[in-house]
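Written out below as structure tokens is the structure these notes cover.
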Amino acid sequence: MNTTLTTYEFCKIFTIELIRKRSEHNEGEIGTLEEISLHQEDITKIENLQNWCKDLKILLLQSNLIFKIENLNKLKKLEYLNLALNCIEIIENLDRCESLNKLDLTMNFIGKLDSIESLKYNTHLRTLYLTGNPCTDYDGYREYVIGTLPQIDILDGIDVTSFDKLVAKQQLSNITCKIIAQQKTYENFRMKQKKSSKSLNITEETLETHEKNYEESDEDFWNQPSENTPECRVEMALHSRRAQRKQDEAKKVSKEETWIPKLFAEDGRPYNLNQAKVSYKMENENNKYVLTVHVFMDTSELDVDVQPTYVRVTVRKKILQLALDEEVRVDESNAKRLIGSKLLEITMPKVKQIICPVKKQCVTDKDFHNKNKSKLTDEVFDSQKQVEFWNITNSPASVKKTGDNNLKDFVDNSEVPPLE
């Protein structure tokens with residue numbers, strides 16, 4: 001069995017990071033966790049879980065590479081344990097899980113059927129699955145399990161009736177002898193299987209060499225028939241993981257090659273490109289360009305590059321590039337995030353400043369109107385003043401009238417009667 005342990009040393013074990021990752025439904029709190037699913041994680045050993053998550057009621061560990069049931073004794077509230085599709089050969093170390101109600105050991109390698117006696121003390125156990133294990137091929141398998149564990153109500157998905165329990169109890173002593181004999185035969189077969197298994201050559205020290213040797217023969221491995229053994233299952237996991245790693249690396253390289261943008265023409269002229277697919281607005285004012293970009297991410301994920309003939313904004317490694325019709329002053333350009341908004345504003349002064357000519361002052365109809373309006377306002381203001389009758393002749397209005405009467409072209413006609 002020691003050789004088997006070195007077979008899976010390369011795989012994963014429980015880590016606090018893995019537990020937190022799978023406990024997002026509980027806001028990452030593992031101390032109060034009641035349910036966790038850790039399937040398909042290539043886990044090889046159960047450890048630390050009973051110390052970190054003592055309140056667990058449901059533990060799903062199917063489709064891993066676990067060889068031994070261990071380190072679960074402190075899980076007093078555990079009701080459902082799923083260890084299907086692992087590499088378990090013996091049922092053990094569950095007697096202190098007092099609340100255990102359902103146990104799923106489907107598709108493992110349990111050949112030692114009498115190890116189910118360790119479940120006698122799990123008085124709340126009602127459902128047991130052993131489908132797909134070598135022990136299910138034994139003659140009298142079902143009667144033996146029901147007779148040994150009279151508390152169960154469902155075995156391999158089939159209800160256990162009171163009559164089944166009565167018959168199993170009566171036949172248990174006779175069936176036990178047959179089960180032990182068949183079990184011994186399987187154990188001898190298993191010993192020969194271990195000796196002939198090529199997978200036992202995989203050790204922690206030779207793993208790197210093993211991977212290099214098998215990289216050239218992955219296709220041959222999958223085409224050849226394989227044995228249904230724990231060692232072969234580990235080897236298949238090794239090949240599957242390597243194939244997945246190669247596939248991920250190929251996708252990564254392909255993606256990088258696909259997203260290489262062409263930024264400049266052959267003559268050096270910059271292209272307009274919006275790979276980042278962000279909204280923007282470019283304002284071309286007299287003496288500067290102002291680019292406003294709508295961005296919804298942190299400033300640390302942005303990069304701004306202003307050049308004399310173009311401006312480039314990189315948003316999470318994706319580019320927004322705009323060509324400029326006129327050159328700008330790079331050293332005087334600036335970028336800022338507008339407070340209270342999702343906008344990035346880039347100001348770029350132009351190199352050639354436009355000097356606007358000063359318009360000559362001339363009297364227009366509008367100016368004339370404003371002038372007359374001002375004069376009228378003054379007269380109205382004067383008319384609102386208190387009238388001093390004793391000094392009326394000295395008032396500005398009177399003086400103005402007198403001056404107006406002394407016009408040069410005035411003719412005094414005696415025949416015209418005076419105004420009354």
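The values are calculated or read from the model by the stated rules, or taken from the named source; none is laboratory data. Fair warning: this is a prediction, and the values are worked out from it, not measured in the lab. Methodologically, a virtual Cβ is constructed for each residue, glycine included, from the backbone with ideal geometry; neighbour enumeration extends over all protein chains shown. When the accessible area is computed, the model is the full protein with side chains, heavy atoms only, and any ligands, DNA or RNA have been set aside. Shrake-Rupley method; radii C 1.70, N 1.55, O 1.52, S 1.80 Å.
Rundown of residues vs (1) open to solvent by 40 Å² or more (accessible area, probe 1.4 Å); (2) closer than 22 Å to ASN93 by Cβ; (3) modelled with pLDDT under 85, yes/no style:
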residue: PHE10; (1), (2), (3): yes, no, yes
residue: PHE14; (1), (2), (3): no, yes, yes
residue: ILE19; (1), (2), (3): no, yes, no
residue: GLY28; (1), (2), (3): no, no, yes
residue: THR32; (1), (2), (3): yes, no, no
residue: HIS39; (1), (2), (3): yes, yes, no
residue: ILE43; (1), (2), (3): no, yes, no
residue: ASN48; (1), (2), (3): yes, yes, no
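Can you tell me which residue among LEU56, LEU94, LEU103 is part of a loop (DSSP other than H, G, I, E, B), surrounded by 19 or more Cβ atoms within 10 Å (Cβ to Cβ) and in contact with a strand residue (DSSP E or B) (Cβ under 7 Å, 6 or more places away or on another chain)? Spell out how you get there, then give the answer.
On the way: LEU94 fails: in contact with a strand residue (DSSP E or B) (Cβ under 7 Å, 6 or more places away or on another chain); LEU103 fails: part of a loop (DSSP other than H, G, I, E, B).
Testing whether each residue is part of a loop (DSSP other than H, G, I, E, B), surrounded by 19 or more Cβ atoms within 10 Å (Cβ to Cβ) and in contact with a strand residue (DSSP E or B) (Cβ under 7 Å, 6 or more places away or on another chain) leaves just LEU56.
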Of the residues that sit in region 174-199 and are polar (S, T, N, Q) and surrounded by 14 or more Cβ atoms within 10 Å (Cβ to Cβ), which one is modelled with the lowest pLDDT? SER199
Identify the residue in region 259-278 that is open to solvent by less than 70 Å² (accessible area, probe 1.4 Å) and outside any strand (DSSP E or B) and, among all such residues, is nearest to ARG316 (Cα to Cα). ALA276
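So which of GLU89, GLU41, GLU70 ends up being part of a loop (DSSP other than H, G, I, E, B), touching a residue at least 60 places away in the same chain (Cβ under 8 Å) and within 25 Å of CYS232 (Cβ to Cβ)? Talk me through it step by step, then tell me what you get.
Values: GLU41 fails: touching a residue at least 60 places away in the same chain (Cβ under 8 Å); GLU70 fails: touching a residue at least 60 places away in the same chain (Cβ under 8 Å).
From the options GLU89, GLU41, GLU70, the qualifying one is GLU89.
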Take region 330-350 and flag every residue that is β-branched (Val, Ile, Thr), touching a residue at least 12 places away in the same chain (Cβ under 8 Å) and over 12 Å from VAL313 (Cβ atoms). VAL330, THR347
Only residues in region 206-233 that are farther than 24 Å from PHE189 by Cβ count as the first member; pair them with residues that are at pLDDT below 50 and open to solvent by 100 Å² or more (accessible area, probe 1.4 Å), Cβ under 8 angstrom, at least 6 apart or cross-chain, and list the lot. HIS210/ASN201
